[in-house]
1. Can you work out the accessible area per residue across the stretch 16-162, with the rest of the protein chains kept in place, probe 1.4 Å, in square angstrom?
2. I want the antiparallel fraction of DSSP beta bridges within the chain, as a percent rounded to 5.
3. On average, how much area does the Cα convex hull of the chain cover when viewed from any direction, in nm²?
4. So which residue, out of Val145, Val110, Val93, gets the largest mean-square fluctuation from a GNM of the chain using Cα contacts under 10 Å as springs?
5. Quick check: with the 1.4 Å probe, what order do Trp33, Trp49, Trp68, Trp157 take by accessible area, largest first?
6. Modelling each spin label as a point 7 Å along the Cα-to-Cβ direction, I'd like the Arg136/Asn42 distance in nm, to one decimal.
7. Take the solvent-accessible surface of the protein heavy atoms, probe 1.4 Å, and return the percent of it on the chain that carbon and sulfur atoms account for.
8. Going toward the positive end of the dipole of the stretch 72-162, with +1 on Lys and Arg Cβ and -1 on Asp and Glu Cβ, which of Met75, Cys91, Ala156 do you reach last?
Amino acid sequence: MMNNAAAVHSTLRFTPGEMRIFRPREKLTPSQWAERHRVVTNGPMTGKWRNDVTPYLVEPMDTLNLPWVRQVILMFAPQTGKTQVAFNFLCYVIDQAPGPCMYVMPDEKVTKRIARRRLIPMFRSSPRIAELMSPRSDETTTLAVRFLNGMDFMMAWATSAA
């Protein structure tokens, strides 16, 4: 004869969503997460993210996640990876520390173009992020993406000169 705890345990079933929430998170730095889970969808190096291609981006990515750091300033030449640091950290946060998030660009036209051409394709191409995206089409728009883990990602613009 089973005791009460065993009887409850044998009938307990978790939904896929509950299993996703209760799954232990990997303890990774943002750069490790990017190398494991990020897929680059445009640019000269499409495919899985590789830290060895731009090793100088590892420190800024990981520094963004330090609890005492409030600001990271990157003084790099143009087209050397600054946006990729932001994209990798964004994807890391979506998976590892979900919460409300806003990505601000200079104007509405640039905001919508970046969302449509870069961010949403990146989310859909990176399997770890894609599985977190809401299946409801109205929860993935040019200006907002809702994730199943509670992350709300919003795009906005500052209406200022770039």
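The values are calculated or read from the model by the stated rules, or taken from the named source; none is laboratory data. These numbers come from a predicted model, not from an experiment. Glycine also receives a Cβ, built like all others from the backbone with ideal geometry; neighbour counts cover every protein chain displayed. Each accessible area value is taken on the protein alone, full model and side chains, heavy atoms only, with ligands, DNA and RNA left out. Shrake-Rupley method; radii C 1.70, N 1.55, O 1.52, S 1.80 Å.
1. Dividing the accessible area of the stretch 16-162 by its residue count gives 60 Å².
2. 55
3. Numbers: hull surface 50.8 nm².
The directionally averaged projection comes out at 12.7 nm².
4. Greatest mean-square fluctuation among the candidates belongs to Val110.
5. Trp68, Trp157, Trp49, Trp33
6. Going by the 7 Å Cα→Cβ label model, 2.8 nm.
7. 59
8. Met75
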